[in-house]
Amino acid sequence: MKQDDVLKQQAYAAVENQGETVKNDPYYPGFHLAPPTGLLNDPNGWIQWNGTYHLFFQWMPFETGHGAKFWGHYTSEDLVYWKLEPIALTPSDWFDKNGCYSGSAITEGDKLKIFYTGNVKDEHNNRESYQILAESDDGISFIKKGVKIRLPENYTAHFRDPKVWSHGGSWYMVIGAQTKDERGAVVLFESKDLEEWTHRGILSHADQKPLTDLGYMWECPDLFELGGKDVLMFSPQGIEADEIHYNNKYQTGYVKGKLDYELGVYNHGTFTELDRGFEFYAPQSTLDDKGRRIVIGWMGVPDQNEKLQPTVVNGWVHQMTLPREILLKGEDLFQRPLTEMKELRINERINTTINGAISLEIERTSEVLIDGCIDSMDLFDYAKLKYEPQSRMLTLERQSYTDGKIEERSCILKDPLHHLQIFVDHSSLEIFVNRGEEVFTSRVFADPSNRILKINSQNSPGLKVWNLKSDTIKLENFKR
Ligand code: FRU
């Protein structure tokens, strides 16, 4: 048997053996994408192809640690209902034997093409990195076309996560990199035919003005046009925490500017974090046929006590965020739940005005909408949202899953708090603030029997709660 088939059979067997235990974990999500077993990390190859949305993901089927990654695969017709598809890529070749690492998808002719990083380590743990092309006629099975880019000079082998797009008759690719002096960077390549690639140089790096000291490695870059600007979204590693900023182990954020394609020069502004919660990393965007720029992120952070998450005992760890539309409003980047998410609503559970305080029990999959300002909100026995009107500081507190201590993440709102939309799943919260001005994304491992929501407010805001569907992800197609 070919190594590709051997690995596929092993992964299918892992899911057959462990899949039921994983699905029955009370923390397994009802409407978010998660691994059928093992560990899920970055969203990859995110694209709408022939009408269908494809989301691939970094997947370690056999354990809840990182390692020689596969590409798992979900599809959706409507961004609400998803199907787990057969495995897209296995680390079966000399150029990807230690992992089919992150990458992106494009359409060329009638093919779906993906570029990803082949991670290779030798017996002394020395790393090599290759950028690889794979193609598909049906969007399900892929044929690897081999190495298209080798490591250029001046970078370490931390060189990965190609994101490809087309512009003015050429193909462009950004790659996350580390320069030889151990600074994070994003590198630009160009190609006419997706086969031969020219190294155009560094687009931005950790000390390129106005940035200073922005880390030793930048992962998962994504460059796209939004509202007339070129936005570069990426995940830098090695930034020091600074008061309410950069408190997660690694960060994710963006800069805005203008890319001069002729010169290969990108002038941009300062770095802003994209999300204010405890778990958000490696987001990827795509443009759909409605012209929306839709982002999905990994609801996890590498090396952030991953092994201590309580789902590990049941053989799985991590999940994705919901797909979100991003928009530029003036200088500010907004993230909003897609209108399709209304399809998740089963029935309106409550529609009232909060006079002082309210306490109610909600379902484990719910949407909570507050039209107005609050002072505080207790979400189960585990998390709390607090707002200080003078400073406009909004804080999410939770009990750490590592030592039970209270930990918090905060941001200062531009506008006074006036709107909250919260998606509650079995072990996650996505809190959209002021219609997308800020988002707090976090895992929450609350006691599944405690679903009490308490809200305090002196401002008489409206409150609506819906029960949400929890059966939107089908696993039947998995094996072929
Ligand atoms: C980000 C990342 C990527 C890499 C992948 C490996 O989380 O480290 O840089 O391609 O995960 O799974």
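The values are calculated or read from the model by the stated rules, or taken from the named source; none is laboratory data. Keep in mind the model is a prediction, meaning the values are calculated, not measured. Don't worry about glycine lacking a Cβ; one is built from the backbone with ideal geometry, like all the others, and counts go over all protein chains shown. Only protein heavy atoms, including side chains, enter the accessible area calculation; ligands, DNA and RNA are left aside. Shrake-Rupley method; radii C 1.70, N 1.55, O 1.52, S 1.80 Å.
Table for the structure above
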{"quantity": "Any chance residue 307 is open to solvent by 10 Å² or more (accessible area, probe 1.4 Å) and away from the ligand (no atom under 16 Å from the Cβ)", "calculated": "no"}
{"quantity": "Residue that is at pLDDT 95 or above, in the same structural domain as residue 283 (by TED's automatic domain parsing), open to solvent by less than 10 Å² (accessible area, probe 1.4 Å) and closer than 25 Å to residue 9 by Cα, where the choices are 79, 84", "calculated": "84"}
{"quantity": "Positions within the range 60-103 being part of a strand (DSSP E or B) and away from the ligand (no atom under 16 Å from the Cβ), in sequence order", "calculated": "74, 75, 76, 82, 83, 84"}
{"quantity": "Restricting the range 271-304 to residues that are aliphatic (A, V, I, L, M) and within 20 Å of residue 230 (Cα to Cα), the residue that is nearest to the ligand (Cβ to nearest atom)", "calculated": "282"}
{"quantity": "Those strands (runs of 3 or more DSSP E) lying entirely in the range 155-238 with at least 2 residues touching a Phe, Trp or Tyr at 6+ places or on another chain (Cβ under 7 Å), more than 13 Å from the ligand (Cβ to nearest atom) and not basic (Lys, Arg)", "calculated": "155-167, 170-179, 184-191, 198-205, 229-237"}
{"quantity": "Tabulated pairs, the range 240-259, first in a loop (DSSP other than H, G, I, E, B), second of a type outside the set (A, V, I, L, M) and open to solvent by 70 Å² or more (accessible area, probe 1.4 Å), C-beta under 6 angstrom, 6+ apart or interchain", "calculated": "249/303"}
{"quantity": "The range 33-49 residues that are aromatic (Phe, Trp, Tyr), paired with ones that are open to solvent by 10 Å² or more (accessible area, probe 1.4 Å) and within 14 Å of the ligand (Cβ to nearest atom) (beta carbon under 6 Å, 6 or more apart)", "calculated": "46/284"}
{"quantity": "The range 113-138, subset touching a residue at least 12 places away in the same chain (Cβ under 8 Å) and not in a strand (DSSP E or B), residue farthest from the ligand (Cβ to nearest atom)", "calculated": "137"}
{"quantity": "Selection within the range 279-307 - within 21 Å of residue 218 (Cβ to Cβ), part of a loop (DSSP other than H, G, I, E, B) and of a type outside the set (A, V, I, L, M)", "calculated": "279, 280, 300, 302, 303, 304"}
{"quantity": "Residue list for the range 34-53, filter: open to solvent by 10 Å² or more (accessible area, probe 1.4 Å) and away from the ligand (no atom under 16 Å from the Cβ)", "calculated": "47, 48, 49, 50, 51, 52"}
{"quantity": "Subset of the range 327-339 (residues that are crowded, with 18+ Cβ neighbours inside 10 Å and of a type in the set (A, V, I, L, M))", "calculated": "333, 338"}
